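None of the figures in this text is laboratory data; all of them are computed from the coordinates on show. What you are looking at is a predicted structure, and each value in this text was computed from that prediction instead of being measured. Cβ: placed from backbone, ideal geometry, glycine included. Neighbour counts: every protein chain shown.
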Amino acid sequence: MKNTILCHIKNLYTPVDHGIPVRGNDMNNIKIIEDAYIVIFEEEILEVGSGDGYKLHITPYSNVIELRDKIVTPGFVDSHTHLIHGGSRENEFQLKLNGVSYLEILAQGGGILSTVKSTREASKAQLKLKATKSLDTMLIHGTTTIEAKSGYGLDLENEIKQLEAALELNNEHNIDIISTFMGAHAVPLEYKEKPEEYIDLMLNSMLPKVKDLNLAEFCDIFCEDGVFSVSQSREILKKAKDLGFKVKLHADEIVSLGGAELGAEVGAISAEHLMAASSHGIKMMAKANTIANILPGTTFSLLKNTYAPAREMINEGVAVALSSDYNPGSCPTENLQLIMQLGCMYLRMTPKEVLTATTLNGAYCIDRGDSRGSLESGKLADIVVLDAPNLDYVYYHFGINHVVDVYKKGKLVVKNKNLV
Ligand code: IZC
Ligand code: ZN
């Protein structure tokens, strides 16, 4: 049998999957195996154990790799990205440093709307080329599965162009990409004076068409002051659900509007950002099993100090995920390890909670908990090898890349920090 065996791993760290997102204090329940091994067959993990147990699986065709001074975790899942876009927004950086807010820049036609212009001008091939560079960077930093949102087309043709680019890259790149339709990311300039008409277009044309073409599994919306109100968001998310989309939303990112409450009310799989979520909304999310997907890189990059209340969420028994929000405006980084470090330093989550949040709970945010997010037999062999003596070290020694090797579906795709 031609298997791959990773053995004598100094320490293996993994959440344990019980078939549901990991909530509250259970997020600290990371299994640690010393002198660990993983037997990989084809795309999956066949067995995880410790000591010499792997020897039973050795055949003349086995590829046996010793990792004596390395630690291993599941491949990271980045469950909130705006991967596909044209252009960049460093021209707004000085404005931001001068104190001009994100929503002011958007109201002046910049921000998301500036990326909409660049994305509309780009061909699908150009979008894919740019996104491929980002995917390569993500993979080198240990991310093996991502979610990718549309929302920089804001008309049917350009939303389809973005979603097709993501679908094609899912087939062409080693990273798995789960697609989300986000036509309700902003009201496009041509509808500035008649936003209700844009919402009608979403409800009656764009959503059904994207569903018919099977271009996205999820639907997301930017529920925010000056963007889409709670009642507009409710209408769109309900319609999306009726059409068969799974739903999630950008909730209480900047202003406390009741996005967390809406997420719980409509049965969203996750509510994302939540910097300004209310205590009532957090309690509702706990009750409704809505995952809190927190994006501390955005708070950091927006130069704010109002980080999402992760400790309160965990105390209330909410399942918390962390993700990058990789986008050209409010969080231009692909490095999920940096987000993990911010999770400890600013959200005051423990290293173990953060690992759960960026592996198994990230996978549940995109409805992939059954196949990834933990190192257990039967799951995909998505594995990262880190050059670190223990898990805490990865967070403590910040701003660098600790990942040396990455296995994606059992295949070595990053070796010694380089793409294979
Ligand atoms: O391009 O600014 N928050 N959408 C909602 C974003 C951030 C992405 C962007
Ligand atoms: Zn976002």
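Please order R348, R89, R68 by the number of other Cβ within 10 Å, starting at the fewest.
Starting with the residue having the fewest Cβ neighbours, the order is R68, R348, R89.
How long is the gain from N418 to Y346 if the chain were fully straight, where each residue apart is worth 0.36 nm and the alpha carbon distance is subtracted?
Working it through step by step, the gained length comes to 22.9 nm.
Between segment 240-289 and segment 39-71, how far is it from one alpha carbon centroid to the other, in angstrom?
42 Å
Using the Karplus curve 6.51 cos²θ - 1.76 cosθ + 1.60 with θ = phi - 60°, what ³J(HN,Hα) values do you get for each residue of segment 9-19, in whole Hz, with x for Gly and Pro?
My calculation for segment 9-19 gives 6, 3, 8, 10, 10, 8, x, 10, 8, 10, x Hz in order.
Could you tell me what a quarter of the Cα convex hull surface of the chain works out to, in nm² with one decimal place?
18.6 nm²
Using helices alone, what [θ] at 222 nm do you get for the chain, with -39,500 (n - 2.57) per DSSP H run of 4 or more residues, divided over all residues and rounded to the nearest 500?
-9500 deg cm²/dmol
Counting other C-beta atoms within 10 Å, which of M313, M284 has the fewest, and how do the rest follow?
M284, M313
Tabulate in residue order the Karplus-calculated ³J(HN,Hα) for segment 351-360, using 6.51 cos²θ - 1.76 cosθ + 1.60 with θ = phi - 60°, rounded to whole Hz; enter x for Gly and Pro.
x, 5, 4, 5, 4, 4, 5, 10, 10, 5
Could you check which residue among Y364, Y61, Y395 shows the biggest mean-square fluctuation in a GNM of the chain with a 10 Å Cα cutoff?
Y61
Using all Cα-Cα distances in segment 216-322, what percent lands in each 10 angstrom bin from 0 up to the longest?
Histogramming segment 216-322 at 10 Å steps yields 17, 52, 28, 3 percent.
Rounded to the nearest 20 debye, what is the charge dipole size of segment 61-120 about its Cα centre when +1 sits on each Lys and Arg Cβ and -1 on each Asp and Glu Cβ?
160 debye
About the Cα centre of the chain, what is the dipole size in debye to 20, counting +1 per Lys and Arg Cβ and -1 per Asp and Glu Cβ, all else neutral?
Charge dipole, the chain, about its Cα centre: 460 debye, nearest 20.
For a footprinting-style exposure proxy, rank V420, V210 by other Cβ within 10 Å, fewest first.
By the 10 Å Cβ count, ascending, the order reads V420, V210.
What list of ³J(HN,Hα) couplings, whole Hz, do you get for segment 296-302 from phi and the Karplus terms 6.51, -1.76, 1.60, once you set θ to phi - 60° and write x for glycine and proline?
Coupling constants for segment 296-302: x, x, 6, 4, 4, 6, 7 Hz.
Given Cα pairs under 8 Å that are at least 6 residues apart, what percent is the relative contact order of the chain?
21 percent
Pop out the Kirkwood hydrodynamic radius of segment 305-395 from its pairwise C-alpha distances, inverse of mean 1/r, in Å to one decimal.
That comes to 14.2 Å for segment 305-395.
Compute the acute angle (0 to 90°) between the alpha-carbon long axis of helix 336-345 and the principal axis of greatest extent of the alpha-carbon atoms of the chain; round to the nearest 10°.
So the inclination is approximately 90 degrees.
Taking N as the number of residues in segment 1-96, what is its Cα Rg relative to 2.2 N^0.38 Å?
1.56
If you take the charge dipole of segment 155-194 about its Cα centre, with +1 on Lys and Arg Cβ and -1 on Asp and Glu Cβ, which of L156, G183, L169 is farthest toward its positive end?
Of the listed residues, the answer is G183.
Which of L213, L46, L355 ends up with the largest GNM mean-square fluctuation for the chain, with Cα atoms connected below 10 Å?
Highest fluctuation of the listed residues: L213.
Top mean-square fluctuation among A260, A36, A363, Gaussian network model of the chain, C-alpha springs under 10 Å?
Comparing A260, A36, A363 in a Gaussian network model of the chain, the most mobile one is A36.
May I ask for the percentage of alpha-carbon pairs in segment 274-356 that lie more than 15 Å from each other?
When all Cα pairs of segment 274-356 are counted, 53 percent exceed 15 Å.
Counting DSSP beta bridges in the chain, what percent are antiparallel, to the nearest 5?
45 percent
Angle, helix 230-243 long axis vs. longest principal axis of the chain, Cα atoms, 0 to 90°, nearest 10?
Taking the Cα atoms of the chain, the angle to 230-243 is about 60 degrees.
Diagonalise the Cα gyration tensor of segment 111-238 and give the resulting equivalent ellipsoid semi-axes, square root of 5 times each eigenvalue, largest first, whole Å.
Semi-axes, largest first: 26, 15, 14 Å.
Looking at S114, I38, L56, which one has the Cα that reaches farthest to the positive end of the dipole of segment 33-134 (charges on Cβ: Lys, Arg +1; Asp, Glu -1)?
Projecting each Cα onto the dipole axis, the largest value belongs to S114.
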